[in-house]
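One structure below.
The values are calculated or read from the model by the stated rules, or taken from the named source; none is laboratory data. The shown structure was predicted, so the numbers you read here are calculated from the model rather than taken from an experiment. Counting neighbours? That spans all protein chains shown, and the Cβs are built from the backbone with ideal geometry, glycine included. Surface areas here come from the heavy atoms of the whole protein model, side chains and all, with no ligands, DNA or RNA. Shrake-Rupley method; radii C 1.70, N 1.55, O 1.52, S 1.80 Å.
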Amino acid sequence: MVAQSRRAVRHWALWTLTVPAFGLVVLVDLAAISYGIKAFAELPSWRGIDVVFALTVSALIAVEGARRVESRRRRGGPLHKDLAPAWMIAAAVVLHPALAILVALLLRIWWRIRAGKCIPYRWAFSTAVHVLAVGAAHAVFVSARDLTGSSGLGLVASMGAAAAVYVTADTLLCGLAISLIVPGSSRRDTVGGKDDLCVDATAATLGCLLAAATLVSPWFAFVAIPITLSAQRALLLGQLESEAQTDPKTNLGRVDWWRRRTEEMLRRSRTQREPMAVLLIDIDHFKQVNDRHGHLVGDEALRAVATILRSAIRTKDVIGRFGGEEFVISLPDTDLDDATVTADRLRSAVAASPLAAMCAGALDEPDLDPDTFGLTVSIGVAVYPADGTTVDNLLLRADRAMYAAKAAGRDRVRLAADLLTADLRRPTLHQTPADTLQPR
């Protein structure tokens, strides 16, 4: 029994983390435990337990009522935000820190029970972040209330400051953890985009309203349930629009979406007489990954490469999944030299990334060997207008250049312009080698 427990411990996904990621996770967990112990030691009495009950029960009803909606929204990407923090923000404002932590713990434990399979260290880290965010929000609320007063506009400002601090602490700590656990993560993967910021703002606002209502009577917390359910369904509309144009495996744009964006980019390039580049990227020997490690690991590797590529390009560049293990990127305002530098940077980024750790962390597969599990990419480059004046022409030339990179040994970048020069130098059926030496 002891031996089995030791083997189970050795297989924890926690041990697959890099040193910085491991240090952050452990530090945040220990800080939350220390703060929780201190808060409960300073709790003068259990007065306010009725507020704890009202906030917890109303939150659980809202969470269960929106379970199907949130399950659908979670498929939209690696970063998921919902309105559950609203109740924790309210607890941080109206309760002693120990009781507010109790609300957060009860909600997180319920989430763990209902979630089924999850990676334990991630759940513990997320719970620790909520505990620290509750403490920071409460401290800011008390300090702001002492400065502005406990009635009227001053109380509203204090609640708003507490909610902002809670959301900021949650976003920064989770974003830092994602960036360390998944190297190459983009800003959108770590802190979210505009839609995620809107969710944070909605949760913060609802938390302030909940706190104000709870100050009147704890049972006003139940009034927030239908409001929350309606708000969460409204959030799903943006999710559905995003899913329609997003590849589910890589979270990149689908090829038809990429083509529409690239057509618009090409029209601007014609109008402004600027160059534009198209990169076609293929993962080398990807079939061997599926054959050796299974399709689940292959899917995670595909997703990891997509994350690396997206994080290594500019915000104005457009990336999509072309199909299979191929990706396509359009680079506005980019000439041949800049496109070549970008392509080589992408190639190097994939080759140097710790894919084993990234895939093991997602699949809880510590047997992946970092020394043997690695991927490279071959990249073809085509530039407007020299290599083509339409998207189809640029894709065709980039595709030929990509296959030339594979033929040259893989893990290489090849330019469509070089292939055109080689074709011009190659003898045709009506030329002899001597003819090719004669000036044209």
Problem set entry | Pairwise label distance in nanometres, Thr376 with Arg122, each label 7 Å out on the Cα-Cβ vector | 3.1
For this session: Assuming R0 = 35 Å, can you tell me the calculated FRET efficiency for the pair Asp337 and Arg187, based on Cβ-Cβ distance, to the nearest 0.05?
Result: 0.85
Exercise. Over the Cα atoms of region 107-260, Rg to Rh with Kirkwood Rh, two decimal places?
Worked result: 1.02
For this session: Rounded to whole Hz and in sequence order, give me ³J(HN,Hα) for region 382-388 from the Karplus expression 6.51 cos²θ - 1.76 cosθ + 1.60, θ = phi - 60°, writing x for Gly and Pro.
Result: 10, 10, 7, x, 5, 9, x
Seminar exercise, completed: Each label sits 7 Å from Cα toward the beta-carbon; between Val26 and Ile227 the label points are separated, in nm, by 4.4
Problem set entry | With every protein chain in place, region 259-308: carbon and sulfur % of accessible area (1.4 Å) | 45
For this session: Provide the gained length on full extension for the span Tyr403 to Asp195, in nm with one decimal, where the gain is 0.36 nm per separating residue minus the Cα-Cα distance.
Result: 71.0 nm
For this session: Please label the shape of region 195-302 as rounded, prolate or oblate, based on the square roots a ≥ b ≥ c of the eigenvalues of the alpha-carbon gyration tensor (a/c under 1.5 means rounded; beyond that, a/b larger than b/c means prolate, else oblate).
Result: oblate
Exercise. What size of dipole, in debye to the nearest 20, comes out for region 272-359 about its Cα centre when the only charges are +1 on Lys and Arg C-beta atoms and -1 on Asp and Glu C-beta atoms?
Worked result: 260
For this session: Would you kindly derive the ³J(HN,Hα) couplings of region 85-101 from the backbone phi angles with the Karplus curve 6.51 cos²θ - 1.76 cosθ + 1.60 (θ = phi - 60°), listing them in order in whole Hz, with x for Gly and Pro?
Result: x, 4, 6, 5, 5, 4, 5, 5, 7, 9, 10, 4, x, 5, 6, 5, 5
Exercise. Which FRET efficiency value, to the nearest 0.05, do you get for Ser45 and Leu215 by plugging their Cβ-Cβ distance into 1/(1 + (r/R0)^6) with R0 = 30 Å?
Worked result: 0.95
For this session: Identify all lysines with a Cα-Cα distance to Lys406 below 23 Å; exclude those on the same chain that are fewer than 8 residues away in sequence.
Result: Lys287
Problem set entry | Rounded to whole Å, sorted largest first: equivalent-ellipsoid semi-axes of region 104-147, Cα gyration tensor | 29, 10, 5
